[in-house]
Amino acid sequence: MTTLEETAVTAAVTTPALDALDALESEAIHVFREVAGEFDRPVILFSGGKDSTLLVHLAIKAFAPAPVPFGLLHVDTGHNYPEVIEFRDRVAEQHGLRLEVARVEDYLADGRLVERSDGTRNPLQTQPLLDAIAEHRFDAVFGGGRRDEERARAKERIMSLRDAFGRWDPRKQRPELWNLYNGRHAPGEHVRVFPISNWTELDVWRYIRREGIELPSIYYAHEREVFQRDGMWLAEGPWGGARDGETLQRRSIRYRTVGDGSCTGAVESTATTLDEVIAEVTASRLTERGATRADDRLSEAAMEDRKKEGYF
């Protein structure tokens, strides 16, 4: 055996193989560093939910010990759970990250937007998002979308070009062979970037357990007054409450995803620890959005239609 072959064998024996989470982490960190080197004004969409919290954690790891070289942006519907908003602000302050907040309430107040008849504000986030991107001249916007969430998400690339109006065209997605990403864009265009595109909900929870990442308390089982609508448990709030024939009940529930309270449902659960949550997610046969997001049930192509208009 030659010296070169001996060296290769020794390296193969002594170098531990990456497990699945290591490989996913490595890919995400690579994406963050690529964007930092290629774009001038990136930003992370940060709601305080588990996926965007994971993005912040990965960004910190990507650039440590230096600070993260870009800030955070949240499009606030005004219908968020207080626990999540408190967590959002605390994370930004803890890590010294600049937080920009685009508020749907401001658009409703001055007439640029009008409340929907169903009370759901998620679709109203698109215009504040696009205006914030234009105002701050963000050229790369990190999002926490995953391909297992919803069919339209599965059509995305890791780097997704948006035109000068923020619109997404699935036919213009670029190939991403050998982890080579094309961030080329014309003035006025920008790129949406999804570093955890290849993660599943279960991957996210396993990584959160491994890394000891803190999350808002509503991701774990707690008692709350809820009512059932369209097979989902919804809570009362400034967005409204139970209608005729719907009864408030005190249930042990938790949230698999967080967002506008008018359309984000909970699931019945007794999972108060990470191990219990992971066991619950492993046994589930419904995606988190399919099980808990009423706005995705508006039509078969609800998410895709909104993405074409500029939504996340």
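The values are calculated or read from the model by the stated rules, or taken from the named source; none is laboratory data. Every value quoted in this text rests on a predicted model; they were computed, and no experiment measured them. Cβ atoms come from the backbone with ideal geometry, glycine included; neighbour counts cover every protein chain shown. Quick note on the areas: whole protein, heavy atoms, side chains included, nothing else; ligands and nucleic acids left out. Shrake-Rupley method; radii C 1.70, N 1.55, O 1.52, S 1.80 Å.
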| task | Within the range 174-281, report the trypsin sites (Lys or Arg not before Pro) that DSSP leaves as loop and that have at most 14 other Cβ atoms within 10 Å. | result | ARG184, ARG243
| Surrounding net charge for ILE278, when Lys and Arg each add one and Asp and Glu each subtract one, Cβ distance under 15 Å | -1
| Estimated FRET transfer efficiency (ASP19, THR270; beta-carbon r; R0 30 Å; 0.05) | 0.55
| query | At a Förster radius of 35 Å, what calculated FRET efficiency corresponds to the Cβ-Cβ distance of ASP131 and ARG210, to the nearest 0.05? | reply | 0.40
| task | For the range 187-247, report the accessible area per residue in Å² (1.4 Å probe, heavy atoms, rounded to an integer). | result | 44 Å²
| note | ARG224 neighbourhood, Cβ < 13 Å, K/R = +1, D/E = -1, net charge -2
| note | So ASP230 and ARG112, fully extended at 0.36 nm per residue minus their Cα-Cα distance, gain in nm 39.4 nm
| request: Could you provide, to the nearest whole Å², the per residue accessible area of the range 17-132 with probe 1.4 Å? | output: 43 Å²
| Gyration tensor verdict on the range 75-214 (Cα atoms; rounded if a/c is under 1.5, prolate if a/b is larger than b/c, oblate otherwise) | oblate
| query | Tell me, what ³J(HN,Hα) does each residue in the range 259-270 have, in order and in whole Hz, if you take phi through Karplus 6.51 cos²θ - 1.76 cosθ + 1.60 with θ = phi - 60° and put x for Gly and Pro? | reply | x, 4, x, 5, 10, 9, x, 10, 10, 5, 7, 10
